[in-house]
Structures are given as C-alpha cells and as structure tokens.
1. Could you please find all residues in region 256-279 being assigned to a helix (DSSP H, G or I) and either open to solvent by 70 Å² or more (accessible area, probe 1.4 Å) or at pLDDT below 75 (or both)?
2. Name every residue in region 60-76 that is hydrophobic (A, V, I, L, M, F, W, C) and touching a Leu at 6+ places or on another chain (Cβ under 9 Å), in order of residue number.
3. Out of the residues in region 165-205 that are of a type in the set (S, T, N, Q) and open to solvent by 70 Å² or more (accessible area, probe 1.4 Å), which is modelled with the lowest pLDDT?
4. Take Arg114 and decide whether it is part of a loop (DSSP other than H, G, I, E, B) and open to solvent by 60 Å² or more (accessible area, probe 1.4 Å).
5. From Ala116, Ala92, Ala97, grab the single residue that is in contact with an Asp or Glu (Cβ under 7 Å, 6 or more places away or on another chain), in contact (Cβ under 8 Å) with a residue 12 or more places away in the chain and aliphatic (A, V, I, L, M).
6. So which residues in region 72-88 are more than 15 Å from Lys111 (Cα to Cα) and either surrounded by fewer than 21 Cβ atoms within 10 Å (Cβ to Cβ) or not hydrophobic (A, V, I, L, M, F, W, C) (or both)?
7. What number goes with the only condition from (1) open to solvent by 90 Å² or more (accessible area, probe 1.4 Å); (2) within 33 Å of the chain's Cα centre (by Cα); (3) at pLDDT below 85 that Ala223 does not pass?
8. State the number of residues belonging to region 289-319 that are open to solvent by less than 50 Å² (accessible area, probe 1.4 Å) and either in contact (Cβ under 8 Å) with a residue 40 or more places away in the chain or out of contact with any Gly (no Cβ under 8 Å at 6 or more places or on another chain) (or both).
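The values are calculated or read from the model by the stated rules, or taken from the named source; none is laboratory data. It should be emphasised that the depicted structure is a prediction, and the values quoted were computed from it without experimental measurement. Here the Cβ positions follow ideal geometry from the backbone for every residue, glycine too, while neighbour counts run over all protein chains shown. Accessible surface is based on the protein model in full, side chains and every heavy atom, while ligands, DNA and RNA are left aside. Shrake-Rupley method; radii C 1.70, N 1.55, O 1.52, S 1.80 Å.
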Amino acid sequence: MTRHRGNSRLAWCVAALLSLAAGVARAEPSADQAAAAEALFREGRALVAQGKLAEACPKFAASQRLDPGYGTQWNLADCLDRLGRTASAWAAFREAADMASRAGQAEREAKATRRAADLEKRLERLVVTVSAPADGLVVRRNGAVLDAGAWGAPLPVDPGKHRVEATAPGKRPFSVEAQTAGPGKVVTVEIPPLEDDPAAAASAAPPTAAPAAPPTAAPLRPAADDDGDDGAGTRRALSFVAGGVGVAGVVTGSIFGLIASARWNRAQDEHCRTATLCDDKGVALVDDARSAAALANVGFVVGGIGLAAGVALFVTSLDDAEPAAARVVVVPAVGTTGGGLAIQGRF
C-alpha cells in the first residue's frame, strides 16, 4: 500500500510540472512570434509616417496579438484616434493604462488615462432594446453577438453605420442599419417582436424515434495480476515524461534569455543615452527584456525540477525486488554562491 501511495504522489508531481511548463509556454510568444511582431510594429510606424492610417492600425493590432506590449498598444490607440474611430481608440487607451498600472508605470498610466478621458467626452453611443424576447433570441451588432446583459445599455460605438440583427428559432429574422448622430449623442434601435416563420416550423417536425437497442453486457475484465512489476514500468515511463519537461524548461529558459539579451542590447544601442536614460521605445524594450529574463528564470527552475524528478522516478524503478530499500529525495540546496537542487539517495 505504501508503494502505491508513493507512485500516486510522484505522478501528481509530474502532472504539476507539465501544467507549469504549459503555462510558461502560453505566457510569452515564441522567438518567431516576437520577430514577426517587431516587423509588423515597424511597418505600422512607417505607414503612419506616410499618412496611411487605415493600413497602419491593423499592423499594430496584429503585432499586439503576437507580442503584447505597452508601446504597441499605445501606437494602436493613437492610430485609431487619428483615424476617427473614437470608441475603439478609447478602449485601446484604457487597455494601455491597465497594462501600465500592472507594470507599476505610473507616468505611462496617467498619460494613457488622459487620452482616454479626452475621448470619452466625444463618444457616440448605441442602445439596442428588445421589447419581447423570443425563446433562443440572438442579437448581433455588426456580426458580433450582443450579450443579453448589454441590451438596453448605451454602449460606445465608432462613428458611422452599424447593422443590428435578431434571429430566433421558428421566427423571421430582423435587421436594421443605424447611423450614429454625432459626439455625445445616443441612438436607440428597438427590436420588435419577431414574426413566426411557417416554413421554419414545418421543417422542424420531430424525427421518428429509432427503436432502443437491447442492453448489452459489459465485457469482463481480467483480474489484476499482483505478480507484475507493481508500478516500476509506470515510474520508468513517467521518468521520461518528467525528463522531457525538464529539457523543455531548459530550452525555454535559454530562448527567453536570448530574447532578454537582444532587447536589452538593442535598447542600450539605439534608444538609451545611459543605462537608465531612454526614450519611450527604449523604456519599452528594457521592460520587455526584464519580462523575458524573469521568464527565462522560470524556465530554468522548471527545467531543473523536471530533470530532478525524472532522475528520481527512473532510479526508483530500477530495483523492483527491494523497492523499500531505495530512497531518493530532492531537496533545495543553498550555498555561498547561489542556490539549486540536490538529490540525496539510499540504494
């Protein structure tokens, strides 16, 4: 019984390592994504310089999706504002302020908040009301589903025309096009009770039910063989999984270490007069370098734990005859030059 409980604990440890490694992989873009994001950002800046705002804004948006950063978010918001898309720009500046707040950058947060406040005074709003909601009613605005909680609320929209549609099972669809009325104005669109659709009701006749199949007996399973390897094979398989997680963690840490170094060097070479005196782009690069360095440390920690767990699992699977005599413990080790992990064992 003790051996089985030990195997279960080891399996849970490996599962936790896998979840942590997956979270790190989702948190930051790959090197290819970061390079693509940088290229799109530069292309967007070049298009802005040429006055091609309608082409520049999608470049900033694509760059932000690949590698989110305050500098890219700010340029996207400013581009949308200059293009006249006040509601989209307002939301983008609010997001930039939130990013700066989470990073502890008070000056940047205040700058983005001021821009958002200026835009808020000029927002145009659209209210969609539903007089008699039908079962299964779906309301869309410009093709996107409008949640029922948003019905009746004056929501900010960009200036121009907006298409509102309503559909429900067995009902005729409804659609209308609404035009905004100017800065600070609110336009209301009312969705009337939807009319019945006879054609849809006829096609929705219930199908003939098929006869129920007779119950079948569950297949008999052979009894477990108590004379097997009692988990040694499972531990050995898990050791390779944990080792793979460890290698992945080390590789991830190395990649983000290279990204951190590249962005730091670029900031110092092109955007900073001293180690601390930088323009906006330099500050963004330094922030990105620090974030990448932190993730590199996480990757190395995950890698070290994964490799240590893999060794522990593999060693405990070797001696199936005397499992209780083998004991491997992974403990933190601290010395005068740093810290790490130590493996202690008795075989």
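1. Leu258, Trp264, Asn265, Ala267, Gln268, Asp269, Glu270, His271
2. Phe60, Ala61, Ala62, Leu66, listed by residue number.
3. Ser203
4. Judged against the criteria, Arg114 is not a match.
5. Only one candidate qualifies: Ala97.
6. Answer for region 72-88, where residues must be more than 15 Å from Lys111 (Cα to Cα) and either surrounded by fewer than 21 Cβ atoms within 10 Å (Cβ to Cβ) or not hydrophobic (A, V, I, L, M, F, W, C) (or both): Arg82, Leu83, Gly84, Arg85, Thr86, Ser88.
7. Ala223 satisfies every listed condition except (2).
8. The number of residues fulfilling the criteria is 16.
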